[in-house]
Amino acid sequence: MNFGDIARKRLGFLIVLFAALALFAAPHMAMAQTTPEADAQSVNVANSNTPPPKEAEASVTKAAPGAAAYTPLGPEWIKGQPTPGGIDFQKQYSPTGHYAYNMHNYLLLPIITAITLLVLILLLTVIFRYNRRMHPVPSKTSHNTVIEIIWTVVPVLILVVIAVPSITLLSRQYKSAPKDALTVKVTGYQWYWGYSYPDNGGFEVISHMLPDAEAIKRGEPPQLAADNRMVVPVGVPIRLQTTGADVIHSFSVPSLWFKLDAVPGRINEKVLFVEQPGIYYGQCSELCGARHGFMPIAVEAVPMEKFNAWIASQGGTVKGAAPTQPAALAPPQEPESSVEGAPGAGQAPAAGTPATSAPTV
Ligand SMILES: [Cu+2]
């Protein structure tokens, strides 16, 4: 080996090293580029130290005359949201979520780790023990019945061990809702969400992303907070139906282990079950156009009495109660947000749109 060979090898090694460093550093650099304001936001949200917004200010629902009082949950109730630098699943707040989370962390991860380590050890053994220098005369062995049976049976057993909880999880996710479950219909629009309540008079709540400044003012995470949340009762199965008004969207809330496509011309259905009162954030998870990144989902889970009060504040009818006069229904909401500066419906993002920072598609 002459000097040129060695130099070339060293150079190759250095290039690989720099590439690896660059790959590792890139996400950190990107994070460092966020504005101090954005950093302050995440700190605020993480600590929830910001004073809760005035209830009247946060309330964007127009209460029907004589309706029971309803106030939206404050930021201290935020439970399902991404955390800076997080690599794990979000904390789960539904039975299916717990099951899937445990299966991932206590079954799949250990198996993956063990297999990876085993393969690594085998590779290193081959590289260092059976190279030409250490082991000049190679073995001529071509069969070993015991080893062949082991490396066939053991993977089969591993797959069976994975298959049982995996199929259980699948069937749990597709379990249909009980007959008396409350139905909530989610419609994806370009680019906002509509939540309608067919069991409660059929009114529809239109939900837009809050402008960043307004979200921070309310102590909520920017780009995840919405002007009108999807309010649901806690501790009961909800028959959530999704459909798309224009293109395919996807209704996804990670902390509730829920993701369902919203497809034009058809209804998809899945059970949503929220264990604890709180606010859970999600996002549209199907590329749906220019403002795909700006149609967050905010689910507010509240006890049944509070949910009924909310229904009343929307002019809807409480399930099982005597229907009120149709005239009492609140007028259908405009697709435009009631919050000043919130992105309106159907507008493509223009340069210098005040409400948003750079899209992260
Ligand atoms: Cu969408």
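The values are calculated or read from the model by the stated rules, or taken from the named source; none is laboratory data. Since the model is a prediction, treat every value here as computed from it, not as a measurement. Backbone-built Cβ (ideal geometry, glycine too); neighbour counts: all protein chains shown. For the accessible areas, the whole protein counts, side chains as well, though only heavy atoms, and no ligand, DNA or RNA atoms are used. Shrake-Rupley method; radii C 1.70, N 1.55, O 1.52, S 1.80 Å.
See the values below:
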{"quantity": "Percent accessible area from carbon and sulfur atoms, the stretch 179-248, protein chains only, probe 1.4 Å", "calculated": "51"}
{"quantity": "Protection proxy ranking, peptides 113-119, 222-228, average beta carbon neighbours within 10 Å, highest first", "calculated": "222-228, 113-119"}
{"quantity": "Overall form of the stretch 136-279 per C-alpha gyration tensor (a/c, 1.5; a/b vs b/c)", "calculated": "prolate"}
{"quantity": "For the stretch 63-194, size of Cβ-based charge dipole, Lys and Arg +1, Asp and Glu -1, in debye", "calculated": "400"}
{"quantity": "Residue-normalised accessible area of the stretch 84-228, given per residue in Å² at a 1.4 Å probe", "calculated": "63"}
{"quantity": "Fully extended contour minus Cα-Cα distance, from V119 to I248, at 0.36 nm per residue", "calculated": "42.3 nm"}
{"quantity": "Chymotrypsin sites (Phe, Trp or Tyr not before Pro) within the stretch 152-254, DSSP loop, no more than 15 other Cβ atoms inside 10 Å", "calculated": "Y174"}
{"quantity": "Nearest-0.05 FRET efficiency for I158 and E275, computed from C-beta distance (R0 41 Å)", "calculated": "0.80"}
{"quantity": "Loop-resident sites, the stretch 148-182, for trypsin sites (Lys or Arg not before Pro), counting at most 14 other Cβ within 10 Å (DSSP)", "calculated": "K175, K179"}
{"quantity": "Linear extension gain, M134 paired with E204, 0.36 nm per residue minus alpha-carbon span", "calculated": "17.7 nm"}
{"quantity": "Added length on full extension, which subtracts the Cα-Cα distance from 0.36 nm per residue, I267 to E148", "calculated": "37.8 nm"}
{"quantity": "DSSP-loop trypsin sites (Lys or Arg not before Pro) across the stretch 124-157, with at most 16 other Cβ within 10 angstrom", "calculated": "R132, R133, K140"}
